[in-house]
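Enquirer: Supplied in structure tokens, the structure appears directly below.
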Amino acid sequence: MKITMKYTRTLIVTAFLLSSVVAVQAADTFLVERGKARAEIIIAEKPARMAKLAAKELQTYLEKISGAKLEIVTQPHEGKAHVFVGKSRYTEELKLGTDGLENGAFRMASGPDWLALLGPDEDYVPIEPWGRNRSKEETERVNVAFDQLTGDTFWNYSRQMYARYYADLDVWDYDDAGTFNAVNEFLRGLGVRWFAPGDLGEVVPQQTSLVLPSVNKLVKPDFGMRRFMFYTDHLGLGEKAIWTLRLGLNNGHKIGGITQICHGMKFVIMREEMKKAHPEMYLSIDGKRDTTHKGSGVPNLLSPLLFEKQVHYARTMFDHFHEPMISIDLVDGYGGLTSDDPQWLAQQTPERGWRGTMSDHVWGYLNRVALELNKSHPDRLVSGLAYAAYSAPPAKIDKMSPNLALIETRQRQAFWDETLRKENRELWAAWMQKLSSGKYLTWDYSTNARPEQAGRPVYYPHLAASDLRELKGHTLGEMIEIYDHTPADAAKLGYDPFAIEHLNLYLVTRLWWDADQDVDTLLDDYFTSYYGPAAVSMKAFVTYSEANWMHMGQDAEKIGQALDLFAKAQAVADPASAPGKRLQKIADLMKPLHALKQQLSRKRETDLSYRVLLTENTGGKPLASKPLDGQVPKDYWTDVRSAPLVKLKPDAPQPKAGGHFQIQRDGGILHIGIVCEEPDMRGLNIATTANDDPMLLTGDHITLLIETPNRSYYEIAINPAGAVLDIDHGENGAGLKWTSTAQIAVHRGDKQWSIEMRLPIVGDGASMLDALKGIDGDRPKDLFPWHFNLCRQRVCSGDIERTAYSPTGKDEFYVLEKFAKLWGK
């Protein structure tokens, strides 16, 4: 949106006005004068839902600003200025049309005693059948109606339509928001800001007089689809719903439709009735048709029946629901799978690199579906994701079907690496040569607040601005997939996922409307408006973090510099003030950085790492269902991530008895299975049978040494008799008084003894709750890992044989510099 205006007199408001700065009438016509209402808000007798909400929005914020409450009426009264919100017979009399405005575009106009704020005001009307709630009964009702419509057993996405209606606001996500956008553009001109969700995220300046502005403009966004997709969409958005509306988002259902815009194939194959009737439509993996992957199963692209049913499903969506575009894309995770089907394997092209391994296979199928649908519906689009192992365009297709639209998945923040950005540009250029339709959307990810990643101050405003300027004019729009806590996790995790990320999201939404705006002007307004006395310090902190966040997972010095800059900001803001509370949210989110800094400061002399897999991803039976008996059978403990114990020093003799272990995670439990091969089971050296006896360490035993970001270090030692010794070796630690609370069982067989351990992940701050129980640390993650070593001592005929996962280079286990990295999801 391009706006060039000036003041003709000075307003009382002192807030820095951005893109919606408006001029003031030469004569003083007031909306509010010295705290008294001099105007009224006029809406149609039967206003559109979004216009009704917009009128209430305007009334609320003018009162917050000035203390005066403007009445909302349907007919103008003499002696007052008139603010027309939405289309009405009065805007028609003023010949204020909205023709040609779409995707949330709007009009602002004024006269001597009136102001008009309006958009197309189109109410969305859902098409039956659609779901009113999440209940099993409602799902069944919708599916039965959909089956009657299709003559088949597809999954009807419209059963989830209830999530797109915001009952507290009485609007649909699909209602045209032009009028609402016009109102909020006007309010932004008065200095109102909505930087983050909730009351603390907004800024409202105070002024007792507001003068009727002079304005006449049409405002159109640079990006048509402007969509946030929260992890918690299906649970309801709460205060995020009104926040996204105030940011001027557009779900884009007239561009991408109402059905899920990605992984659309799952709606063809995910019903149980379909799985039972047509197993040939599912890919064979490990000799079995996979009908369970992520709830839908894995489609078999070689199945003629799958092709037939997908075409039928899409035509139904076009004809009945009038969808402008339908996703024909594969199920999530397909790009990381492999099959034992020889025909499937023959279609793979690993010589093209990972991003092209499945491209000819996947896009060959999708293009066939698109061509078939183009015969019957040439005015509609189908879409597919450039994703994972099929990110690259197909080599065997010169031009894609003219109705096929591309959705490129990317993570903008990664483009700080110029090599990656160059690769992305080259990939996009290659696709544009193939894409006959020229229809293109981008899919970005905002996942920095996920528990396994949260902590670093990830800011990328200038990168976002540069990238969006490049995309402008080439794309139908953009979607951002955003991590958010579920209500159940919110209190447990203890931080606001938008504490930092709100700035990236806010700036992108402003740039979606006008990609050519000066991002530094937007930032200066943000620092001043949001942080008040801490504005200068926060600018320094964000500027430093933008240049260095990508190194903070490895560089303690950069973490320290960022924390020092942030501490200066906190020092000048009253903790009880709004800026102080906003800063505290950032401090809460960055809490893991303090421990990470300490951990990174330790000198590490090994690159060895162990990735903990979720139990469900090992291919074995669920460990939670196994009796804890010390046995480590292959049907539960597979060979996946099985790691050996090796000699401590290169010049040490080869061990006479081998050993190996595996670690899995199931929820809040680390399952550790250890096997100690032993040719002389009768000769086991058992120094004690009592728990908490240090003598245990003189005989045969396994010892697990753990350093978390919060604590260095713990020891859990177990001998063949099942005796356990727990020690907290940390500074001011509890020593032998500490217990890990692990469940442990030992089994002795003919040629080996084995251990099963179920170690609870008590969580961050556990030592503050009870210094004598549990390991103090959140679950081990890539960014915030644990470090560990798993060691074995074997005493036989007076000789001592020591092995470990990470060789220490010495005749002892307690070498912290040699602890390996322990991490996972």
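Enquirer: Which members of the stretch 86-108 meet the condition of being surrounded by 14 or more Cβ atoms within 10 Å (Cβ to Cβ) and among the basic types (Lys, Arg)?
Expert: Matches in the stretch 86-108: Lys87, Arg107.
Enquirer: If you don't mind, there's one more thing I want to ask. Going through Lys626, Lys621 one at a time, which residue ends up being open to solvent by 50 Å² or more (accessible area, probe 1.4 Å), farther than 21 Å from Phe819 by Cα and over 28 Å from the mean Cα position of the chain (by Cα)?
Expert: Lys621
Enquirer: For the stretch 253-283, enumerate the residues that are at pLDDT below 95 and surrounded by fewer than 18 Cβ atoms within 10 Å (Cβ to Cβ).
Expert: The answer is Gln260, and nothing else.
Enquirer: If you don't mind, there's one more thing I want to ask. Kindly establish whether Trp431 is assigned to a strand (DSSP E or B), hydrophobic (A, V, I, L, M, F, W, C) and in contact (Cβ under 8 Å) with a residue 40 or more places away in the chain.
Expert: Judged against the criteria, Trp431 is not a match.
For every residue, the table says whether it meets (1) surrounded by fewer than 19 Cβ atoms within 10 Å (Cβ to Cβ); (2) out of contact with any Pro (no Cβ under 6 Å at 6 or more places or on another chain); (3) free of Cβ contacts under 8 Å to residues at least 40 places away in the same chain; (4) under 30 Å from Lys492 (Cα atoms).
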residue	(1), (2), (3), (4)
Gln793	no, yes, no, no
Asp799	yes, yes, yes, no
Asp811	yes, yes, no, no
Phe819	no, yes, no, yes
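Enquirer: Sticking with this structure for a sec: Could you check how many residues of the stretch 616-632 are out of contact with any Lys or Arg (no Cβ under 8 Å at 6 or more places or on another chain), under 21 Å from Leu337 (Cβ atoms) and among the polar types (S, T, N, Q)?
Expert: 1
Enquirer: Among the numbered criteria (1) among the aliphatic types (A, V, I, L, M); (2) within 20 Å of Pro780 (Cα to Cα); (3) at pLDDT 95 or above, which single criterion is violated by Ile744?
Expert: (2)
Enquirer: Do you know which residues across the stretch 310-327 are under 18 Å from Gly364 (Cβ atoms) and surrounded by fewer than 23 Cβ atoms within 10 Å (Cβ to Cβ)?
Expert: Val311
Enquirer: Here's another thing I want to ask about it. Do you know which residues across the stretch 78-108 are within 18 Å of Asp176 (Cβ to Cβ) and assigned to a strand (DSSP E or B)?
Expert: Across the stretch 78-108, the qualifying residues are Phe84, Val85, Phe106, Arg107, Met108.
Enquirer: Output the residues belonging to the stretch 341-389 that are out of contact with any His (no Cβ under 7 Å at 6 or more places or on another chain), crowded, with 16+ Cβ neighbours inside 10 Å and of a type in the set (S, T, N, Q).
Expert: Thr349, Thr357, Ser359, Asn367, Asn374, Ser383
Enquirer: So if I check each of Leu200, Leu218, which one is open to solvent by 20 Å² or more (accessible area, probe 1.4 Å) and not in a strand (DSSP E or B)?
Expert: That would be Leu200, the only listed residue that is open to solvent by 20 Å² or more (accessible area, probe 1.4 Å) and not in a strand (DSSP E or B).
Enquirer: Here is a check on your reading of the model: is Thr29 under 23 Å from Trp512 (Cβ atoms), open to solvent by 20 Å² or more (accessible area, probe 1.4 Å) and at pLDDT below 95?
Expert: No; evaluated as a whole, the condition is false for this residue.
Enquirer: Please indicate, with yes or no, whether at least one residue in the stretch 4-18 is outside any loop (DSSP other than H, G, I, E, B), within 30 Å of Leu468 (Cα to Cα) and at pLDDT below 95.
Expert: no
Enquirer: For the stretch 457-468, which positions are in contact (Cβ under 8 Å) with a residue 12 or more places away in the chain and out of contact with any helix residue (DSSP H, G or I) (no Cβ under 8 Å at 6 or more places or on another chain)?
Expert: Hits for the stretch 457-468: nothing passes.
Enquirer: Right, something else. Keeping to the stretch 714-732, report how many residues are closer than 21 Å to Phe788 by Cα, open to solvent by 30 Å² or more (accessible area, probe 1.4 Å) and not acidic (Asp, Glu).
Expert: 2
Enquirer: May I pose another question? Restricting attention to the stretch 288-300, which residues are open to solvent by 10 Å² or more (accessible area, probe 1.4 Å) and either outside any loop (DSSP other than H, G, I, E, B) or out of contact with any strand residue (DSSP E or B) (no Cβ under 8 Å at 6 or more places or on another chain) (or both)?
Expert: Matches in the stretch 288-300: Lys288, Arg289, Thr292, His293, Lys294, Gly295.
Enquirer: When you go through (1) at positive phi; (2) crowded, with 20+ Cβ neighbours inside 10 Å one by one for Gly473, which number turns out not to apply?
Expert: (2)
Enquirer: Restricting the stretch 151-162 to residues that are farther than 21 Å from Gly256 by Cβ and touching a helix residue (DSSP H, G or I) at 6+ places or on another chain (Cβ under 7 Å), which is surrounded by the fewest Cβ atoms within 10 Å (Cβ to Cβ)?
Expert: Asp152
Enquirer: If you don't mind, another one. Here are some conditions: (1) under 30 Å from Leu563 (Cβ atoms); (2) open to solvent by 70 Å² or more (accessible area, probe 1.4 Å); (3) outside any strand (DSSP E or B). Glu616 meets all but one. Which one does it not meet?
Expert: Every listed condition holds for Glu616 apart from (1).
Enquirer: Now a separate question. Filter the stretch 642-657 for residues that are assigned to a loop (DSSP other than H, G, I, E, B) and surrounded by fewer than 17 Cβ atoms within 10 Å (Cβ to Cβ); which is nearest to the chain's Cα centre (by Cα)?
Expert: Going through the qualifying residues, I end up with Ser642.
Enquirer: For the stretch 715-761, please list each of the strands (runs of 3 or more DSSP E) lying entirely inside it that holds at least 3 residues being within 23 Å of Trp637 (Cβ to Cβ).
Expert: 743-748, 752-760
The values are calculated or read from the model by the stated rules, or taken from the named source; none is laboratory data. Owing to the predicted nature of the structure, the values given are computational and were not obtained by experimental measurement. Methodologically, a virtual Cβ is constructed for each residue, glycine included, from the backbone with ideal geometry; neighbour enumeration extends over all protein chains shown. Areas reflect the complete protein model, heavy atoms only, side chains present, ligands, DNA and RNA absent. Shrake-Rupley method; radii C 1.70, N 1.55, O 1.52, S 1.80 Å.
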